[in-house]
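J.: After the structure tokens below, expect a handful of questions from me.
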Amino acid sequence: MKLIIGCPIYDRDWIFPYWISCIQAQSVSLSDIGFVFVASKDDEATISHLQRWKEHHPEVKVFDILYPENVNHFSHKEGTRQWTLSKYENMVNLRNVLLEKVREYNPDYFFSLDSDILIKNPSTIELLIAHVKDGADAVNTLMYMTPVGTSYPSVMKWNENAGGKAHRDDNFPLGTYFKADVIMAAKMMSREVYQNINYRMHTQGEDLGFSADCAEKGFNLYCASYIYSPHIMSRAMLKEIIQKGDPREEESLKSLSKV
């Protein structure tokens, strides 16, 4: 198996068709891709979408839906993200359940792609894999963690020590490819990373726990911020993006002309 794509998924029936259509449009064949989801049995609408899609794509040989009984899923109020330490802990557990299953399949690469991220660039997967082949241990694309504005990109820098506090840097060379301390949301991992790294608690989110573990074990993280992937935080935002696109894409990639 060349690649597995996976994520925890809950209450995402409204976006799954768009999420999966972006993957179907990639330059990588579906026959080279497997999927692993961590879901909840009470989320019948999302599960129905997953199962119907699999029935129509027999070329996908790996399509696992996991239902861990000891971990709760949760949803956010429409258009918001309300995080607490207990929710971060839940995400740590969900993502580690996912990693355990991916390790069993042992693909060449694992793409942790959150279910509200749309990889619109059809070369996204191909480009991220190329970066891993060229020496990145894990690499993500650019998106923003808020519905508007560009103050919270999907990359951070440790204040001092890895695993401590982290911040966004106004000097990030967005629109380019650069080494990063913390990456999140759409992470392509080498086999060495997904086989040896776990998510863990961090007061700013489980992706920081993941990135801290990478730093402690000597793995190099990068952000391919010339690839923009919209982060869809509500049904209203999805409708807006479909109709008008995301103005932050052009704003973020404008630095390409200066390179």
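J.: Just checking, how many residues over the range 205-236 are under 17 Å from Leu142 (Cβ atoms) and either assigned to a helix (DSSP H, G or I) or touching a Leu at 6+ places or on another chain (Cβ under 7 Å) (or both)?
T.: Residues that pass the stated criteria total 11.
J.: Determine if the range 201-217 includes at least one residue that is farther than 22 Å from Lys133 by Cβ, surrounded by fewer than 21 Cβ atoms within 10 Å (Cβ to Cβ) and in contact (Cβ under 8 Å) with a residue 60 or more places away in the chain.
T.: Checking the range 201-217: at least one residue is farther than 22 Å from Lys133 by Cβ, surrounded by fewer than 21 Cβ atoms within 10 Å (Cβ to Cβ) and in contact (Cβ under 8 Å) with a residue 60 or more places away in the chain.
Table: residues versus (1) farther than 16 Å from Ala186 by Cα; (2) in contact with a Ser or Thr (Cβ under 9 Å, 6 or more places away or on another chain); (3) not in a helix (DSSP H, G or I).
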| residue | (1), (2), (3) |
| --- | --- |
| Gly6 | no, yes, yes |
| Asp11 | yes, yes, yes |
| Tyr18 | no, no, no |
| Cys22 | no, yes, no |
| Gln26 | no, yes, yes |
| Val36 | no, no, yes |
| Lys41 | yes, no, yes |
| Ala45 | yes, no, no |
| Ser48 | yes, no, no |
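J.: Next question. Could you pull out the residue among Ser86, Ser21, Ser31 that is over 18 Å from the mean Cα position of the chain (by Cα), of a type in the set (Gly, Ala, Ser) and at pLDDT 95 or above?
T.: Ser31
J.: Which pairs do you get when a residue that is among the aliphatic types (A, V, I, L, M), found in the range 238-253, comes within reach of a residue that is surrounded by 14 or more Cβ atoms within 10 Å (Cβ to Cβ) and at pLDDT below 95, reach meaning Cβ atoms under 9 angstrom, with the pair 6+ apart or on two chains?
T.: Cβ pairs passing all conditions: Leu253/Leu174; Leu253/Gly175.
J.: A further question follows. Does any residue in the range 143-155 that is at pLDDT below 95 and surrounded by 14 or more Cβ atoms within 10 Å (Cβ to Cβ) come within less than 7 Å, Cβ to Cβ, of a residue that is of a type in the set (A, V, I, L, M, F, W, C) and assigned to a strand (DSSP E or B) six or more places away or on a different chain, and which pairs are these?
T.: none
The values are calculated or read from the model by the stated rules, or taken from the named source; none is laboratory data. These figures come from a predicted structure and were not determined experimentally. Ideal geometry is used to build each Cβ from the backbone, glycine not excepted, and the neighbour counts take in all protein chains shown.
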